[in-house]
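Novice: Attaching a single structure in structure tokens format; questions to follow.
The values are calculated or read from the model by the stated rules, or taken from the named source; none is laboratory data. Note that the coordinates shown come from a computational prediction; the quantities given were computed from them, not determined experimentally. As a convention, Cβ positions derive from the backbone with ideal geometry for all residues, glycine included, and neighbour counts pool all protein chains shown.
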């Protein structure tokens, strides 16, 4: 379930494309940790990083889509909510002693990211101008996004 970033995942908005690549990097780190035998609490830092980075990215994307008057915004928000719900639900389950299957979660994350970016995010790329995106999108993991 490791996903190599390629140009086929580009939505056409540079800052968001960089953020998508970072999401792939974090997800691939989660994959590597699982394959290396990590489980339970040792996976939490990476999963928390993914949840946090995704939440910030989604917020920036949604703000840019709203500013551009993107017609698909509400449907896009629902897809983001599904991702957040699944990841946060697994974190919550783990904290409450419910056994979480890391490979099942990884499968969900990888499929969701691939499908969402290639189907939904590419749709907004044509709508957003670089000027609108620059105001709302930050880039880089090092910026805390």
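Novice: Take the residues in the range 114-138 that are buried (at least 17 other Cβ atoms within 10 Å of the Cβ) and part of a loop (DSSP other than H, G, I, E, B); name whichever of them is modelled with the lowest pLDDT.
Specialist: 137
Novice: How many residues, within the range 89-113, are surrounded by fewer than 16 Cβ atoms within 10 Å (Cβ to Cβ) and either free of Cβ contacts under 8 Å to residues at least 12 places away in the same chain or over 15 Å from residue 27 (Cα atoms) (or both)?
Specialist: 11
Novice: Also, I was wondering about something else. Does the range 51-62 contain any residue that is free of Cβ contacts under 8 Å to residues at least 40 places away in the same chain, surrounded by 15 or more Cβ atoms within 10 Å (Cβ to Cβ), touching a helix residue (DSSP H, G or I) at 6+ places or on another chain (Cβ under 7 Å) and within 16 Å of residue 122 (Cα to Cα)?
Specialist: Yes: one or more hits.
Novice: Looking only at the range 1-46, which residues are surrounded by fewer than 18 Cβ atoms within 10 Å (Cβ to Cβ) and within 21 Å of residue 62 (Cα to Cα)?
Specialist: Residues satisfying the conditions are 12, 14, 18, 21.
Novice: Also, quick follow-up: Considering only the range 11-37, state which residues are assigned to a loop (DSSP other than H, G, I, E, B), at negative phi and free of Cβ contacts under 8 Å to residues at least 12 places away in the same chain.
Specialist: 36 - this is the single residue of the range 11-37 that is assigned to a loop (DSSP other than H, G, I, E, B), at negative phi and free of Cβ contacts under 8 Å to residues at least 12 places away in the same chain.
Novice: State which residue is nearest to residue 121 (Cα to Cα) when the search covers only the range 68-87 and only residues that are touching a residue at least 40 places away in the same chain (Cβ under 8 Å) and buried (at least 16 other Cβ atoms within 10 Å of the Cβ).
Specialist: Here the residue is 76.
Novice: Which numbered condition in (1) over 18 Å from residue 115 (Cα atoms); (2) in a helix (DSSP H, G or I); (3) out of contact with any helix residue (DSSP H, G or I) (no Cβ under 9 Å at 6 or more places or on another chain) is the only one that residue 78 fails?
Specialist: For residue 78, the exception is condition (1).
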